[in-house]
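Novice: The structure follows.
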Amino acid sequence: MTVSPWLLPYWYKGVVPRFQTWIRSSQISILNSAMTTLSQSLFVILAALTAHADSISEPLPSRSSVDLQGRGHGCEAGSTICSPRNTVFYKECIRGRYRFKHFSDCESCKMGDEGRYYVDDKCDYTVRIDNLAFRQPLSGIFVMTHDDKTEPLFQFNKPASAELAILAEDGNPGPLVTKFKDAEGVKTAFAVGGPVPPGGFTTFNVSLSPDMLLSLATMAVNTNDAFVSLNGVEVDPEGSTFYLPGLDAGSEDNNELCSFIPGPACPAGSGNLRDTDGAENYVHVHRGFFGINEGKTLPAIDLGVSGNPLAANRYDWRNPMVRVYITEKW
């Protein structure tokens, strides 16, 4: 289009400003339309997320009694609601209201009693017991998972329980299992078979939640009453390592005679009598194997498999006796 020269002033004063105003109006209109579309999209996304979050309220709550009316108001502290369809987050009652929490590495939604879903916060661990001692096999192992209300396996400078004394003298974990399996705060109590030879190891699995502790005990069988133990320890979620010294149950005299020692250092059938006359009567760190009968003339029942008294250079040790290596099970 050609504009006459004499009309140009009117063109620039009238048409051009109006055209610029129309451009600005169009830009504003486009921007408003884009903002409206974006707002609607965000609303749809938020609605979808809300519906997905609310879906975990559909199953019944876990073992604790929870009133779901009012969307969690007045709920029981610590109770949880979860759905196996949602592996990202669940609801936990905190200060009377259900609040969203993300699942940790060990947490999962499981079905419990009466078909109700709950959050299981136990981690599965593999426990490896390494025997670091020379010529001191380990007996069967007592294992317990429990909380802090459970009676400890022992207390230093206090007498050992009768059940611990049996383990420390005979290598038998059975009485400890019987004592603790129904005790307060105990989740599991069981025995792991032995022996664990010098330089060898054994493994087993346990499940622990964050508030649970691990205890275990095993005998050094070429002694009168030496044992090693974990006595209610916390396990790091990423794994833990413990080095354990030899302990003396104090329930039997350390006479180092084969008629009182159950291990393979002594002939089979030599007996496993009990000598309490010289017992210390309290749990303490073991002093070691001194070969106190070397050079003596002894009855055959008190001699080792070599036909001689048990010698310190064969059965003594330096601490630690055992390494406990705990890793998360995959």
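The values are calculated or read from the model by the stated rules, or taken from the named source; none is laboratory data. No experiment lies behind these values; they were computed from the predicted model shown. We place every Cβ from the backbone using ideal geometry, glycine too, and count neighbours over all the protein chains shown. All accessible areas refer to the heavy atoms of the entire protein, side chains included, with ligands and DNA or RNA removed. Shrake-Rupley method; radii C 1.70, N 1.55, O 1.52, S 1.80 Å.
Novice: What FRET efficiency comes out for the pair residue 121/residue 151, r = Cβ-Cβ distance, R0 = 25 Å, nearest 0.05? Mind showing how you got there, number by number?
Specialist: Numbers: r = 24 Å, r/R0 = 0.98.
Efficiency, from the Cβ-Cβ distance: 0.55.
Novice: Which order do peptides 80-91, 241-252, 201-212 fall in by mean Cβ count within 10 Å, highest first?
Specialist: Details: 80-91: 17.8, 241-252: 20.7, 201-212: 15.8.
In decreasing order of mean packing, 80-91, 241-252, 201-212 become 241-252, 80-91, 201-212.
Novice: Continuing with the same structure: Give the accessible surface of region 111-206 per residue, rounded to a whole number of Å², with probe radius 1.4 Å and ligands, DNA and RNA excluded. The partial results should precede the final answer.
Specialist: On the way: 4560 Å² over 96 residues.
Value for region 111-206: 48 Å² per residue.
Novice: How much space per residue, in cubic angstrom, does the convex hull of the C-alpha atoms of region 89-149 take up? Intermediate values should be presented prior to the final figure.
Specialist: Details: hull volume 11.1 nm³, N = 61.
In region 89-149, the Cα hull volume divided by residue count equals 182 Å³.
Novice: How high is the FRET efficiency from residue 95 to residue 238, r the C-beta distance, R0 25 Å, rounded to 0.05? Each step should come with its number before you reach the end.
Specialist: Details: r = 30 Å, r/R0 = 1.19.
Here the calculated transfer efficiency is 0.25.
Novice: Can you tell me the length gained on complete extension of the stretch residue 204 to residue 287, counting 0.36 nm per residue apart and subtracting the Cα distance?
Specialist: Numbers: separation 83, 0.36 × 83 = 29.88 nm, distance 2.96 nm.
Value of the extension gain: 26.9 nm.
Novice: Moving on to the next point. Taking all pairs of different Cα atoms in region 164-261, averaging 1/r and flipping that mean, what Kirkwood radius in angstroms comes out? Display every interim value, and only then the final one.
Specialist: Values: mean 1/r = 0.0672 Å⁻¹.
Computed over Cα pairs of region 164-261, the Kirkwood hydrodynamic radius comes out at 14.9 Å.
Novice: Please report the net charge: other residues with Cβ closer than 12 Å to the Cβ of residue 126, K and R +1, D and E -1. Kindly include the intermediate steps, with their values, before the conclusion.
Specialist: On the way: positive: 128, 329; negative: 124, 328.
Here the charged neighbours net out to 0.
Novice: Same structure, new question: Filter 101/329; 101/179; 158/296; 91/179 down to the pairs with a C-alpha to C-alpha distance above 30 Å, please.
Specialist: Those over the limit are 101/179; 158/296; 91/179.
Novice: Over the alpha-carbon set of region 180-330, work out the extent along each principal axis and list the three values in angstrom, largest first.
Specialist: Projected onto its principal axes, the Cα set of region 180-330 covers 56, 31, 26 Å.
Novice: Against the globular-protein guess of 2.2 N^0.38 Å, express the Cα radius of gyration of region 285-330 as a ratio, rounded to two decimals.
Specialist: Numbers: Rg = 16.6 Å, N = 46, 2.2 N^0.38 = 9.4 Å.
Normalised by 2.2 N^0.38 Å, the Cα Rg of region 285-330 equals 1.77.
Novice: Now for a different question. Would you mind getting me the FRET efficiency between residue 211 and residue 114? Use the beta-carbon distance for r and R0 = 22 Å, nearest 0.05. Please list the in-between numbers first.
Specialist: Details: r = 24 Å, r/R0 = 1.11.
Result of the calculation: an efficiency of 0.35.
Novice: Please identify every one of the chymotrypsin sites (Phe, Trp or Tyr not before Pro) in region 103-141 that sits in a loop by DSSP and has no more than 16 other beta carbons within 10 Å of its own beta carbon.
Specialist: On the way: sites: 103, 117, 118, 125, 134; in loops: 103, 134.
For chymotrypsin sites (Phe, Trp or Tyr not before Pro) across region 103-141 that sit outside H, G, I, E and B with at most 16 neighbouring Cβ atoms in 10 Å, the list reads 103, 134.
Novice: Find how much the distance from residue 314 to residue 183 grows on full extension, using 0.36 nm per residue of separation minus their present alpha carbon separation; answer in nm with one decimal. All intermediate terms of the calculation are to be shown ahead of the outcome.
Specialist: Details: separation 131, 0.36 × 131 = 47.16 nm, distance 4.00 nm.
Gain on extension, residue 314 to residue 183, equals 43.2 nm.
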